[in-house]
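Here's the structure we're looking at; comments come further down.
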Amino acid sequence: MKRIAVLVGSLRRESINRKLARVLARLSEDRLEFNILELSDLPLYNEDLWEGLPPAVPRIKKQIEQADAVLFVSPEYNRSFTAVIKNAIDWGTRPYGQNVFSGKPAAVVGTTPGAIGAAVGQNQLKSVLLAANAIVMGQPELYLSWKPEQFDDEDRIVSEATRSFLENWVAHCDQFIERVSGRP
Ligand code: FNR
């Protein structure tokens, strides 16, 4: 079972990206163990805070360190990924030399109600992850134009076309992590 640290780019309760993370967790529960990280208590990055570190920082860094891979599930805000994600990446890459993303397999997915489903924000996130020295999965891409009727209240997929699309993504993601991390 591969352990996946999941960073969701939206903090709101009814987030469709949080829902997508839960749907993927359910769909892949036979091979991937999702740990959706709590990011709401992570302060904005401030170098001074290293003098008295808020507990969220070491907690999140450890959860990422212990994972076999990292999955980002982010909405697109103004044609980029969200500040919640950027802030978590900034904390994770510091102090210099203690970058928890370095060499880590990473995948990026996301959904918006719009027609192009977070595509632009995902491209920007991938380039930031390359700078953080993560090993980024290129294909298949997962931009989802959100339609609530595709899912039920228990995070199961109702639409067969969506199921087949997401299952294909999970299979490739699983193989990618195995190839990069060597973990069966
Ligand atoms: C948005 N939204 C949005 N959608 C999109 O497809 N492209 C975009 O650039 C933006 N920009 C944007 C900026 C800001 C500040 C907000 C709050 C929203 C709409 C967004 O996709 C929608 O609110 C999603 O529901 C947000 O995801 P969660 O919170 O439901 O996961």
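Can you tell me the length gained on complete extension of the stretch D48 to Q98, counting 0.36 nm per residue apart and subtracting the Cα distance? Before the final figure, lay out each step's value.
Working: separation 50, 0.36 × 50 = 18.00 nm, distance 1.70 nm.
Working it through step by step, the gained length comes to 16.3 nm.
Spin-label model, K62 to Q124: label points 7 Å out along the Cα-to-beta-carbon direction sit 3.3 nm apart. For the chain, a Gaussian network of Cα nodes joined below 10 Å ranks D41, D68, D90 by mean-square fluctuation, and the top entry is D41. Calculate how steeply helix 160-181 sits against the longest principal axis of the alpha-carbon atoms of the chain, using the helix alpha-carbon long axis, and give the answer as 0 to 90 degrees to the nearest 10. Orientation of helix 160-181: about 40 degrees from the principal axis.
Over all directions, average the projected area of the Cα convex hull of segment 1-160 and note it in nm².
Numbers: hull surface 37.9 nm².
Seen from a random direction, the Cα hull of segment 1-160 projects 9.5 nm² on average.
Subtracting the Cα-Cα distance of N168 and E14 from 0.36 nm times their residue separation leaves 52.8 nm of extension gain. How far is helix 56-66 tilted, in degrees, relative to the longest principal axis of the Cα atoms in the chain, given as a value from 0 to 90 rounded to the nearest 10? Around 60 degrees separate the two axes. Helix 83-92 versus the longest principal axis of the chain: what angle, 0 to 90°, nearest 10, using Cα atoms? Orientation of helix 83-92: about 50 degrees from the principal axis.
Note on segment 15-60: percent of Cα-Cα distances in each 5 Å bin, starting at 0 and stopping at the bin with the largest distance, equals 5, 18, 21, 14, 14, 12, 10, 5, 1.
When shorter helices are ignored and each DSSP H run of at least 4 residues is given -39500 (n - 2.57), the per-residue value for the chain at 222 nm works out to -12000 deg cm²/dmol.
Taking the centroid of alpha carbons for each part, segment 32-80 and segment 107-184 are 19 Å apart. Counted by neighbouring Cβ atoms within 10 Å, the residues W146, W50, W91, W169 run from fewest to most as W50, W146, W169, W91. Taking label positions 7 Å along the Cα-Cβ direction at both N35 and Q175, the computed distance is 2.8 nm, reported to one decimal.
Simple spin-label estimate for A115 and D153 gives 3.4 nm between the two label positions (7 Å along the Cα-to-Cβ direction from each Cα).
Values quoted throughout were computed directly from the atomic coordinates according to the rules given, and no laboratory measurement underlies them. What you are looking at is a predicted structure, and each value in this text was computed from that prediction instead of being measured. Neighbour counts run over all protein chains shown; Cβ positions are idealised from the backbone, glycine included.
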